[in-house]
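Trainee: First the structure, then my questions, so here it is.
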Amino acid sequence: MSATNAANVDLLYSEVEEQLREAVRDLLTDSAPIADTLKSLEGDLAYDPGLWSSLAGLGAAGLHLPEAVGGGGASYRETAVVMEEVGHSLAPTPFLGSAVLATEALAVCAPERLPELLDGTTTATLVLSFATSPWATPSTPVTVTDGALTGTVRNVADARDAEMLLVPARSGDVFELWAVPAANAIVEPVTSLDQTRPIADVVLRGAAGERLASGELAERAVHDALVAAAVLLASEQVGVAERCFTMALDYVRERKQFGRTIGSFQVIKHRLADLFVAVSQARAVARYAAACLAGDEKDLPVAVCLAQAFCSDLAVRAAEECVQLHGGIGFTWEHPAHLFLKRAKADQVALGSPDHHREALAPLVDLPGPPAEAHL
């Protein structure tokens, strides 16, 4: 990482960003409290169109996009703040799929299609497995024959409720990106560890659509979308970790054992102090990645790998500590701690695992791999 670039990036939240956080948190707290989300899991948890419209009304669906296409004219730093709040609340919204993956892909190759996403009337997602890493060679099981798309893509995030599907496909040896109305596809919900972010298999059987880009432009659109999503997923993971830390801290301040609050025990203090430091470090790493994305900095690949390698594991650790420090109640279905653990575990393997990002990071910082004999 360039020391000069790192020193020039302001990691602090601006006044505008703090005001944005307050507005989004108030909306999500009022419209999607965690107690309601937990109760909804007893049935078929679905996205609330009203909540999504309200988020779009705040401009959250396109903060980082130019005003000329209906965006907020801000940057990905502001979008990262919204993603922190999505992680903090676990509000069931298609923000990652529609406001990040889909909008970034369209911004690269078909900006004229953006307004319908930004006003909240249409949701979309990029039809790739949620595990796809931004550093992987673009690939897709979907093929194009005479303008019809055929193939099955498994484990697509936010596909269940999307109206528009952005489908990478191959026409012969040419990589392409198509816009397919969801009505032209079969979307099969998949049982997921994280019920607050549904995933689905997308089945295309001679589906009609509109070709948006081909060749290098299509590859760049998909790559840039995955990079942006990986950066912002780190901010979501910070939001998850921060909420878990806060819930654990509040609980140990009230729970009494042996006539004392358990938060007064030294071992609990040490665990929470260590977690506080780690969450602060994760926030700095995620903020740097968002700043690099916003400014198109040359350190962006390094920042993405660092953010995903660090924040993915930290979110899981924070969620595990939250469950354990709550004691018996933390293991119950009635307490929301398990929802945050599930989101953290699902995010950990999304858009490339931490080990995958560490492997991608090594050559970027001239870090040699293990010696050959280590594999023997």
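Trainee: If one computes the Cα centroid of segment 78-109 and of segment 113-132, what distance in Å separates the two points?
Mentor: The distance from the Cα centre of segment 78-109 to that of segment 113-132 comes to 9 Å.
Trainee: Whole number in Å², please: accessible area per residue of the chain, 1.4 Å probe, ligands, DNA and RNA not counted.
Mentor: 43
Trainee: Would you mind telling me the share, in percent, of accessible area of the chain contributed by carbon and sulfur at probe 1.4 angstrom?
Mentor: That share works out to 54 percent.
Trainee: On full extension of the chain, what length is gained from residue 355 through residue 216, given 0.36 nm per residue of separation minus the C-alpha to C-alpha distance?
Mentor: Value of the extension gain: 47.3 nm.
Trainee: At 0.36 nm per residue, and after removing the present C-alpha to C-alpha distance, how many nm does the segment from residue 367 to residue 329 gain when stretched out fully?
Mentor: Roughly 9.3 nm would be gained on extension.
Trainee: If you don't mind, another one. Which whole DSSP H helices in the chain pass both tests: a Cα extent of 18 Å or more along the axis and a mean Kyte-Doolittle value no lower than 1.0?
Mentor: 300-325
Trainee: Still on this structure, please answer the following. With the Cα gyration tensor of segment 320-360 in hand, convert its eigenvalues to equivalent ellipsoid semi-axes via √(5λ) and list them largest first in whole Å.
Mentor: Over the Cα atoms of segment 320-360, the ellipsoid semi-axes are 27, 10, 5 Å.
Trainee: Connecting C-alpha atoms closer than 10 Å in a GNM of the chain, tell me which of 91, 360, 159 has the biggest fluctuation.
Mentor: 360
Trainee: Evaluate 2.2 N^0.38 Å with N set to the residue count of segment 56-208, then give the Cα radius of gyration divided by it.
Mentor: Segment 56-208 yields a ratio of 1.02.
Trainee: Taking 56 Å as R0, compute the FRET efficiency from the Cβ-Cβ separation of residue 150 and residue 58 and round it to 0.05.
Mentor: 0.90
Trainee: So if I take the centroid of the Cα atoms in segment 210-243 and the same for segment 143-199, what is the distance between those two points in Å?
Mentor: Taking the Cα centre of each part, segment 210-243 and segment 143-199 sit 16 Å apart.
Trainee: Using only Cα atoms, what is the ratio of the radius of gyration of segment 185-335 to 2.2 N^0.38 Å?
Mentor: In units of the globular-protein estimate, segment 185-335 measures up at 1.40.
Trainee: In terms of Cα to Cα distance under 17 Å, which lysines are near enough to residue 39, apart from those fewer than 8 places away along the same chain?
Mentor: 342
Trainee: Please list the radius of gyration and Dmax for the chain, considering alpha-carbon atoms only, with Å as the unit.
Mentor: Answer for the chain, Rg first and Dmax second: 20.9, 75 Å.
Trainee: Could you calculate the contour length gain from residue 249 to residue 136, that is, 0.36 nm times the residue separation minus the distance between their Cα atoms, to one decimal place in nm?
Mentor: 36.7 nm
Trainee: Could you work out which residue, out of 164, 247, 83, moves most in a Gaussian network model of the chain, that is, has the largest mean-square fluctuation with Cα springs under 10 Å?
Mentor: Answer for the Gaussian network model of the chain: 247.
Trainee: Something else about it: Taking the chain as a Gaussian network, Cα atoms linked when under 10 Å apart, which of 62, 352, 263 shows the biggest mean-square fluctuation?
Mentor: Ranking 62, 352, 263 by mean-square fluctuation puts 263 first.
Trainee: Starting from the 7 Å offset along Cα-to-Cβ, what nm value, one decimal, do you get for the label separation of residue 267 and residue 35?
Mentor: 3.3
The values are calculated or read from the model by the stated rules, or taken from the named source; none is laboratory data. As the structure is a prediction and not an experimental result, all values here were calculated from the model. Neighbour counts are summed over all protein chains in view; Cβ atoms, including those assigned to glycine, are modelled from backbone coordinates with ideal geometry. Heavy atoms of the whole protein, side chains included, go into the accessibility calculation; ligands, DNA and RNA do not. Shrake-Rupley method; radii C 1.70, N 1.55, O 1.52, S 1.80 Å.
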